[in-house]
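I have placed the structure first, in the form of structure tokens, so that the comments after it can refer back to it.
The values are calculated or read from the model by the stated rules, or taken from the named source; none is laboratory data. Worth saying up front: this structure is predicted, and the values here are computed from it rather than measured. Positions of Cβ are backbone-derived with ideal geometry, glycine not excepted, and every protein chain shown enters the neighbour counts.
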Amino acid sequence: MGSTEDTKGPNGTLVDFTTFQNIIDGSLHGSTEIHQGINPSNGKPLWDVPIASADDLNVAVAAAQRAFKTWSKTKWEDRQEILGKIAAEFGKYQEQMGELLMLEGGKPIQFAKIEAWAAGEGLRYCASEGPFADEVLEDDENLRLTMRHTPIGIVGAICPWNFPLAIAMNKIAPALLTGSCIIVKPSPFTPYSVLKFAEIAQAFLPPGVLQAMNGDAKLGPLMTEHPDIAKISFTGSSATGKRVMASAAKTLKRVTLELGGNSASIICPDVDVNKIAPKVALGAFYNSGQLCIASKRLYVHKDIYQDMMKALIEVVKGWKVGPTSEEGLMLGPVQNEMQHNIVKGFFEDCATNGYEFALPGEVGKSDGFVIQPAILDNPPDESKIVREEQFGPIVPMMKWDNEAELLARVNDTNTGLGGAVWSSDLEQAQRIAKQIEAGTIWINNNEMPLSRAYFSGHKESGIGGEGGRLGLLAYMNTQVIHMYKSDVGRS
Ligand code: NAD
């Protein structure tokens with residue numbers, strides 16, 4: 001992967017997929033400090049990437065302030081058109097972006113390409129959304145009451161490593177569409193795809209509208225403290241989300257927090273286990289379980305429990321799991337050493353407590369962070385693997401019998417991000433879905449967010465949400481004008 005004739009950017013310059021710079025005020029910026037992401041498939045360092053300083057952030061915020069004055073006043077339709085152009089340009093780099101996402105994130109190539117496509121979908125969705133009309137709430141002989149939505153200002157986007165580009169795009173595209181300027185901080189584990197996207201997009205945007213900076217542990221807190229950033233859109237763990245909110249409170253920044261979860265997948269007795277097993281397996285293990293809305297607990301009706309377990313094991317055993325240098329993979333490694341150790345801790349806790357492994361899995365046997373998937377057979381409700389977010393390829397399956405008891409167990413968690421229900425009786429499925437205390441539920445499909453659907457966490461899974469038309473409002477202030485029609489002129 002490198003600079004070739006067919007990777008020429010819109011200005012005729014080469015887009016080099018082997019060098020990475022921060023994007024500040026419309027141009028490429030290095031730094032005296034650098035680091036490298038680690039290829040999770042072999043544990044080896046990838047390319048150099050600059051670490052932005054506090055000064056870099058101040059320069060970026062000042063550039064965003066200048067840009068906001070005009071960008072916020074461009075016509076909505078013009079911004080739609082620009083997003084469409086960026087999407088078209090970005091579409092030319094799907095191969096390279098797919099490969100980049102594979103190398104930095106550890107996804108098998110076909111899934112890395114799906115992430116690149118999903119990022120493009122985020123752009124295309126926003127490019128297709130028209131403006132919010134001023135709403136007339138009331139209009140009579142005394143009063144005209146109208147409501148409108150205005151761009152929020154400078155947005156700081158703080159992103160995780162599991163879907164580095166797709167999640168960043170869920171923040172970039174709505175912020176740009178609604179007239180805000182955005183500074184994106186990718187996770188230091190996966191900085192490359194976001195920096196490269198921001199570089200490609202510069203040709204279509206005034207300087208300072210979209211900026212991206214890789215940083216160390218200091219950059220996120222500097223952003224949440226910065227007095228001139230109006231909003232933080234954060235996706236990451238609930239623990240960090242709480243720190244972000246506490247820090248943002250000092251300047252009363254708006255926050256959107258998309259946080260962790262411990263979603264349940266509920267399987268009713270009327271399903272054909274062989275029909276649903278491939279999708280239930282995907283729901284639990286896609287991206288080696290590193291998906292915020294993955295099925296992290298499986299609850300299967302006791303009458304089909306053994307059959308479902310057998311069908312699920314058959315599917316997962318048929319997958320090839322390994323480093324992304326190998327072909328025909330279904331699952332790659334977990335993304336980083338820290339996460340590898342967290343998941344290893346779950347394996348060890350289950351083994352120490354004598355919980356039954358229906359599928360044994362395997363951890364710590366490769367140079368990279370590959371973990372062979374494991375399924376636990378009916379561990380107790382109070383076990384760590386049931387109560388905590390594992391974010392890796394080890395999943396507990398439990399029996400249920402009574403619907404009310406099941407829902408009490410499913411909802412007995414301080415998180416509420418997602419959930420799935422599987423039943424051939426759609427009435428029953430919807431009844432159960434509506435009683436799950438979580439922001440998004442899937443019925444008869446594995447968990448896949450859609451750009452056009454609002455996405456939010458209940459309880460400690462988040463504050464506010466993103467996606468869909470409602471998500472656009474998260475990047476806007478609302479203003480109501482009370483216009484009285486009384487005569488105030490000089491008589
Ligand atoms: P994380 O919380 O460790 O880091 C997320 C980002 O926050 C990174 O960019 C990191 O550098 C930055 N950060 C760390 N400390 C900070 C601080 N004090 N102030 C500001 N920024 C700070 O999360 P992660 O390990 O990258 O991601 C995994 C977690 O994210 C899981 O819990 C997963 O469920 C969750 N997640 C949620 C969603 C969602 O949409 N709800 C999506 C993906 C991942």
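The requirement of being at pLDDT 95 or above, surrounded by fewer than 21 Cβ atoms within 10 Å (Cβ to Cβ) and more than 19 Å from Ala474 (Cβ to Cβ) is fulfilled nowhere in the stretch 147-158; no residue meets it.
Only residues that are over 19 Å from Ser53 (Cα atoms), in a loop (DSSP other than H, G, I, E, B) and touching a Leu at 6+ places or on another chain (Cβ under 9 Å) were counted across the stretch 209-245, and they come to 3. Among residues of the stretch 225-234 being touching a residue at least 40 places away in the same chain (Cβ under 8 Å) and more than 19 Å from the chain's Cα centre (by Cα), the one that is surrounded by the fewest Cβ atoms within 10 Å (Cβ to Cβ) is Asp228. Answer yes or no: is there a residue in the stretch 475-490 that is in contact with a Gly (Cβ under 9 Å, 6 or more places away or on another chain) and either within 20 Å of Ser263 (Cβ to Cβ) or within 15 Å of the ligand (Cβ to nearest atom) (or both). Checking the stretch 475-490: not a single residue is in contact with a Gly (Cβ under 9 Å, 6 or more places away or on another chain) and either within 20 Å of Ser263 (Cβ to Cβ) or within 15 Å of the ligand (Cβ to nearest atom) (or both). The residue of the stretch 150-171 that is nearest to the ligand (Cβ to nearest atom), among those that are within 16 Å of Glu104 (Cα to Cα) and either over 15 Å from the mean Cα position of the chain (by Cα) or aromatic (Phe, Trp, Tyr) (or both), is Trp161. When you check Gly289 against the structure, is it assigned by TED's automatic domain parsing to the domain that holds Val386 and surrounded by fewer than 19 Cβ atoms within 10 Å (Cβ to Cβ), yes or no? Judged against the criteria, Gly289 is not a match.
When the stretch 246-276 is limited to residues that are in a helix (DSSP H, G or I), within 24 Å of Asn170 (Cβ to Cβ) and touching a helix residue (DSSP H, G or I) at 6+ places or on another chain (Cβ under 8 Å), the one that is nearest to the ligand (Cβ to nearest atom) turns out to be Ser247.
The listed residues are Pro221, Pro174, Pro207, Pro191, and the only one of them that is within 8 Å of the ligand (Cβ to nearest atom) and either of a type in the set (Val, Ile, Thr) or modelled with pLDDT of 95 or more (or both) turns out to be Pro221. Pairs linking a residue in the stretch 446-463 that is free of Cβ contacts under 8 Å to residues at least 24 places away in the same chain and assigned to a loop (DSSP other than H, G, I, E, B) to a residue that is of a type in the set (Lys, Arg) and more than 13 Å from the ligand (Cβ to nearest atom), with Cβ atoms under 9 Å and 6 or more positions apart or on different chains, are Tyr454/Arg469. What about Gln110, is it in contact with a Gly (Cβ under 8 Å, 6 or more places away or on another chain), farther than 27 Å from Ala60 by Cβ and more than 16 Å from the ligand (Cβ to nearest atom)? It is false that Gln110 is in contact with a Gly (Cβ under 8 Å, 6 or more places away or on another chain), farther than 27 Å from Ala60 by Cβ and more than 16 Å from the ligand (Cβ to nearest atom). Residues that are over 24 Å from Met102 (Cβ atoms) and in contact with a helix residue (DSSP H, G or I) (Cβ under 7 Å, 6 or more places away or on another chain) within the stretch 358-373 comprise Ala358, Leu359, listed in sequence order.
Scan the stretch 400-412 and give yes if some residue there is closer than 20 Å to His301 by Cα, aromatic (Phe, Trp, Tyr) and within 16 Å of the ligand (Cβ to nearest atom), otherwise no. Checked the stretch 400-412: no residue is closer than 20 Å to His301 by Cα, aromatic (Phe, Trp, Tyr) and within 16 Å of the ligand (Cβ to nearest atom). Strands (runs of 3 or more DSSP E) fully within the stretch 289-391 that include at least 3 residues being within 16 Å of the ligand (Cβ to nearest atom) and closer than 24 Å to Trp161 by Cα: none found.
If you go through the stretch 208-215 one residue at a time, do you hit one that is buried (at least 24 other Cβ atoms within 10 Å of the Cβ) and farther than 24 Å from Gly122 by Cα? Yes, that holds for at least one residue.
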